[in-house]
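Chemist: The structure follows.
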Amino acid sequence: RLCAGGPPSLSYRELKDLKTTNVLHIDVRERWEIDRFGKIPASINIPLGELVEALQMDPAEFKEQYNQKMPSKSDPVVFSCLAGTRSKQALGFAMSLGFS
């Protein structure tokens, strides 16, 4: 299961349905995990250790670094990882930075 802002977690099917809307999916696994286990389609990889810095970047810098429009503090964002622990930490970090 995946962690999200509203309910505490999402199933794969719920995430797949959300991806048809305007939601940003951030995979907080390490790059070697993406290489080993594969990338989730339509997600961007921002390892957990880089997330706080990334979410405070200038929007142009974020776009250049991650090839994606930087989310506003009210945009829907979903975090995922391998087991759910890091995605919950990512949610906490984002909320502490003012993301709703």
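The values are calculated or read from the model by the stated rules, or taken from the named source; none is laboratory data. Please read all numbers here as calculations on a predicted model, not as lab measurements. Using ideal geometry, Cβ is built from the backbone for each residue, glycine included, and neighbour counts are taken over all protein chains shown. Just the protein is used for accessible areas: all its heavy atoms, side chains included, with ligands, DNA and RNA removed. Shrake-Rupley method; radii C 1.70, N 1.55, O 1.52, S 1.80 Å.
Chemist: For the chain, give the share of DSSP beta bridges that are antiparallel, in percent and rounded to the nearest 5; count only bridges with both residues there. Numbers along the way, then the final one.
Modeler: Values: 3 of 10 bridges.
Of those bridges, close to 30 percent are antiparallel.
Chemist: Run the reach check for LYS69 against aspartates and glutamates, Cα to Cα strictly under 17 Å, same-chain hits fewer than 8 apart removed. What comes back?
Modeler: ASP27, GLU50, GLU53, ASP58, GLU61
Chemist: Quick one: if you stick a label point 7 Å off each Cα along the C-beta vector at ASP75 and PHE37, how many nm between them?
Modeler: Here the answer is 2.4 nm between the modelled labels.
Chemist: Shifting gears a bit: Given SER96, ASN67, VAL23, which one lies farthest toward the positive end of the charge dipole of the chain, if we put +1 on the Cβ of every Lys and Arg and -1 on the Cβ of every Asp and Glu?
Modeler: VAL23
Chemist: Any number yet on Rg/Rh for the chain, C-alpha, Kirkwood?
Modeler: Values: Rg = 12.4 Å, Rh = 13.5 Å.
Taking Rh as the inverse mean 1/r over Cα pairs, Rg/Rh reads 0.92.
Chemist: Give the carbon-plus-sulfur fraction of the accessible surface of the chain in %, rounded to a whole number; probe 1.4 Å, heavy atoms of protein chains only. Mind showing how you got there, number by number?
Modeler: On the way: 3280 of 6040 Å².
For the chain, the apolar C and S fraction of the accessible surface comes to 54 percent.
Chemist: Please compute the net charge surrounding ARG31, taking Lys and Arg as +1 and Asp and Glu as -1 over other residues with Cβ under 12 Å from its Cβ. Before the final figure, lay out each step's value.
Modeler: On the way: positive: ARG29, ARG36, LYS39; negative: ASP27, GLU30, GLU33, ASP35, GLU50.
Result for the neighbourhood of ARG31: -2.
Chemist: Here's another thing I want to ask about it. Please work out how much length the chain gains when fully extended from ASN22 to GLN56, using 0.36 nm per residue of separation minus the C-alpha to C-alpha distance, in nm with one decimal. The partial results should precede the final answer.
Modeler: On the way: separation 34, 0.36 × 34 = 12.24 nm, distance 2.08 nm.
Result: 10.2 nm gained on full extension.
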